[in-house]
Amino acid sequence: LVASFQPKVLAGKRVLITAGPTFEAIDPVRGITNLSSGKMGYAVARAAREAGAEVVLVSGPTALATPHGVRRQEVQSAQQMHDAVMAALNGQHVFIGVAAVADWRVTNASAHKMKKQDGAAPPQLEFAQNTDILAAVAATTSVSGWPYCVGFAAESENLVEFGAVKREKKGIPLLVGNIGPHTFGQDDNTVILFDEDGHTVLPRADKLTLARQLVSEIAKRIDRSLL
Ligand code: CTP
Ligand code: CA
């Protein structure tokens, strides 16, 4: 089933991918998460593996099976995802941040399951901003030249304008914009690739088809940057 890529455009390359949602605890049995299913990130991991790469997938909670030949590390919170990515970063040629990482974590989570009390005030949650994993990885690239960093963005409006701005702000060579708002959990998607030359639309297709196209685009760009 790894026959889809001939030739194997990522043979000998190590690829690190984040996927799925994160889960930010409120107490031992409750938390805040989002609607990411992990389907796109898992499709990208599968496609990179098909293309011959050695793939590590750092995944938030999902109901998906690990793609064949891919090493999966499971995490829950954005902080755990950050730590797992940083620990795996050495020697990676490509980093693809597909995960829907929580922008904030709860700083006053309870160590015990919170109990409701009739008449008492509801709990007040407090938040702090999470570290931007993609930006942290991109910052290491300026030192070694690796890994080649790819981001994903789900915007609810002005995708073409916001996508180009987000790519520059993150300091990454390639950003994939989801044409939302109905992409989370779906099997199909339409995406726009943003790079330094502008943007290209990949027409609506199933996520594995788009993932394979993305892998080809990444391979082309790495080859070019090696010249
Ligand atoms: N990302 C990340 N770590 C975070 C937040 C986001 O690695 N703490 C990555 C995502 O995996 C994605 C990219 O950054 O590849 C863009 O995420 P997005 O939520 O669209 O952008 P933000 O920079 O968080 O900006 P905002 O949500 O305010 O639009
Ligand atoms: Ca965000």
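The values are calculated or read from the model by the stated rules, or taken from the named source; none is laboratory data. Since this is a predicted model, take the numbers as computed values, not measurements. With ideal geometry, Cβ positions are generated from the backbone for all residues, glycine too; neighbour counts draw on all protein chains shown.
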So Pro122 passes all but one of these: (1) closer than 22 Å to Phe23 by Cα; (2) within 16 Å of ligand 2 (Cβ to nearest atom). Which condition number does it fail?
(2)
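Could you pull out the residue among Leu214, Leu208 that is more than 13 Å from Val98 (Cβ to Cβ) and under 16 Å from the mean Cα position of the chain (by Cα)?
One residue alone meets the criteria, Leu208.
Can you tell me which of Val165, Val160, Val201, Val176 is assigned to a strand (DSSP E or B) and either hydroxyl-bearing (Ser, Thr, Tyr) or farther than 17 Å from Ala99 by Cα (or both)?
Val201
Kindly indicate whether Ala138 is part of a helix (DSSP H, G or I), within 16 Å of ligand 2 (Cβ to nearest atom), surrounded by 14 or more Cβ atoms within 10 Å (Cβ to Cβ) and not basic (Lys, Arg).
Numbers: part of a helix (DSSP H, G or I): yes; within 16 Å of ligand 2 (Cβ to nearest atom): yes; surrounded by 14 or more Cβ atoms within 10 Å (Cβ to Cβ): yes; not basic (Lys, Arg): yes.
Here the answer is yes, as Ala138 does meet what is asked.
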Answer with yes or no whether Lys116 is within 16 Å of ligand 1 (Cβ to nearest atom) and of a type in the set (D, E, K, R).
no
Of these, Ala51, Ala99, which one is surrounded by 16 or more Cβ atoms within 10 Å (Cβ to Cβ), of a type in the set (A, V, I, L, M, F, W, C) and in contact with a Ser or Thr (Cβ under 6 Å, 6 or more places away or on another chain)?
Ala99
In this structure, does Asn130 turn out to be closer than 25 Å to Glu50 by Cβ, surrounded by 14 or more Cβ atoms within 10 Å (Cβ to Cβ) and in contact (Cβ under 8 Å) with a residue 24 or more places away in the chain?
no
Checking the structure you have, find out if any residue of the range 17-34 is in contact with a Leu (Cβ under 9 Å, 6 or more places away or on another chain), modelled with pLDDT of 95 or more and surrounded by fewer than 19 Cβ atoms within 10 Å (Cβ to Cβ).
yes
Matching strands (runs of 3 or more DSSP E) fully within the range 41-97 where at least 3 residues are modelled with pLDDT of 95 or more and over 11 Å from the mean Cα position of the chain (by Cα)
54-59, 71-74
Restricted to the range 141-156, and to residues that are in a loop (DSSP other than H, G, I, E, B) and either farther than 19 Å from Gly12 by Cβ or not hydrophobic (A, V, I, L, M, F, W, C) (or both), which residue is nearest to ligand 2 (Cβ to nearest atom)?
Ser156
Report, ordered by the first and then the second residue, all pairs with beta carbons closer than 7 Å, sequence separation of six or more or different chains, a first member in the range 166-190 that is touching a residue at least 40 places away in the same chain (Cβ under 8 Å), and a second member that is part of a loop (DSSP other than H, G, I, E, B).
Pro173/Glu196; Phe184/Leu35; Phe184/Ser36; Phe184/Ser37; Gly185/Leu35; Gly185/Ser37; Asn189/Thr183
